[in-house]
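These notes are about the structure you will find just below.
The values are calculated or read from the model by the stated rules, or taken from the named source; none is laboratory data. Quick caveat: nothing in here was measured; it's all calculated off a predicted structure. In this analysis, Cβ positions are derived from the backbone assuming ideal geometry, glycine residues included, and neighbour counts consider all displayed protein chains. When the accessible area is computed, the model is the full protein with side chains, heavy atoms only, and any ligands, DNA or RNA have been set aside. Shrake-Rupley method; radii C 1.70, N 1.55, O 1.52, S 1.80 Å.
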Amino acid sequence: MWKDLEISVCKCESDKLRDKPDQDNLGFGVHFTDHMFLMKWDRENGWHDAEICPYKNFNMDPAAMVFHYGQAIFEGLKAYKDEDEQIYLFRPEDNLERMNSSALRMCMPRIPVDKVLKGLKALVYLDRDWIPSGEGATLYIRPTMIAVEPALGVRPAGEYYFFIIMSPVGAYYPEGFSPTKIWVTDKYVRAVKGGVGHVKTAGNYAASIMAAEEAHKAGYTQVLWLDACERKYIEEVGTSNIFFKIGDELITPPLGGSILGGITRDSVIQLAKSWGVDVVERRITIDEVIAANEDGRLQEAFGTGTAAVISPVGELCYQEKKYVVGDGSTGELSQRLFDELQAIQKGTQDDPFRWIVRIG
Ligand code: COI
């Protein structure tokens, strides 16, 4: 069925094109481009009716299963533009493959990666004027799949929508690339092994909001999650993976089934290893991090994610005690990773790992 999937294109009428937002005040995920990609799935036809169309609302039945049982998965990737208006995507196939892993775990249909990538490239090219060129600004791309069959039985839905929307964005955190303050919670947990913490499903984010709200109220940017069983091993930050530079090692928790396998995480591991940094994927407790901080071996901590890019951690708060990481400012390795990754993503630096995909 996938072989025959054709993508129709219907362009927005010129008088309906949206005004572009102020490039210096984009925020994150509040403006949307003129077009979107949409395709539908049902048991009889598989994926069909693929289209690039003007951005539009859905007309959905209140019984659509996504509203009740949360069969919803998504991805996040970005498009970049260099000074010559050349457009790049960063590791798009990895995102689409990860979406298929999420689909498998959530009993949802797999997407045809090659066709969707073709549609994604056409969509980005069509809305290329929306790719911001300012420092730190990019076009954030959100592929999403939801269950739309109207039914109240708890089972895999028989109908789905897959869509891609795009949003010109600035930095995810209000701090920009400045160090964030992170709240370590041992009150709430994010995921357990055997659950869905390792896939990008909407419910993981819904479940994180209360802890994030408490962190914000206490003046912190994000939450650092500990493991659900012993509440001592570090897992990940709210919207990113986490790394600690302790002595000569760059340590990050392993992907043990409850942590999202971030594409930025993987890129940082590969990049740092290529520079000769000793990258270690191992379990690490919050006590070890604090002990390393107290005896001066914790030099840097940073989060990694598509939205967050590399986000330095300046302070941790655990059990009401505050710990300044390093001297509280952005560390040397965090800065180097940020600069190098951005340069590869924006096409201004060699791409030895063949991560970028050119469009147009
Ligand atoms: C991303 O980094 O792309 C994410 O999906 C995190 C997010 C919830 C903004």
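Looking only at segment 192-202, decide whether some residue is in contact (Cβ under 8 Å) with a residue 60 or more places away in the chain, among the charged types (D, E, K, R), touching a strand residue (DSSP E or B) at 6+ places or on another chain (Cβ under 8 Å) and within 28 Å of residue 32 (Cα to Cα). Yes, because at least one residue in segment 192-202 is in contact (Cβ under 8 Å) with a residue 60 or more places away in the chain, among the charged types (D, E, K, R), touching a strand residue (DSSP E or B) at 6+ places or on another chain (Cβ under 8 Å) and within 28 Å of residue 32 (Cα to Cα). Considering 281, 340, 315, the condition of being more than 22 Å from residue 171 (Cβ to Cβ) and of a type in the set (D, E, K, R) is satisfied by 281 alone. Listed by position, the strands (runs of 3 or more DSSP E) enclosed by segment 304-360 that each have at least 2 residues that are open to solvent by 40 Å² or more (accessible area, probe 1.4 Å) are 321-324. Would you please list the contacts, defined by Cβ atoms under 9 Å and residues six or more apart or on different chains, that run from a residue in segment 68-84 that is over 11 Å from residue 157 (Cα atoms) and more than 16 Å from the ligand (Cβ to nearest atom) to a residue that is among the hydroxyl-bearing types (Ser, Thr, Tyr) and at pLDDT 95 or above? Listed pairs, sorted by first residue: 81/88; 81/138; 82/88.
Among the residues of segment 9-47, those that are surrounded by fewer than 15 Cβ atoms within 10 Å (Cβ to Cβ) and in contact with a His (Cβ under 9 Å, 6 or more places away or on another chain) comprise 9, 10, 11, 18, 20. Among the residues of segment 107-139, those that are surrounded by fewer than 22 Cβ atoms within 10 Å (Cβ to Cβ), among the hydrophobic types (A, V, I, L, M, F, W, C) and within 29 Å of residue 158 (Cβ to Cβ) comprise 107, 113, 117, 122.
Residues that are farther than 23 Å from residue 323 by Cβ and either aromatic (Phe, Trp, Tyr) or in contact (Cβ under 8 Å) with a residue 40 or more places away in the chain (or both) within segment 278-309 comprise 306, 307, 309, listed in sequence order.
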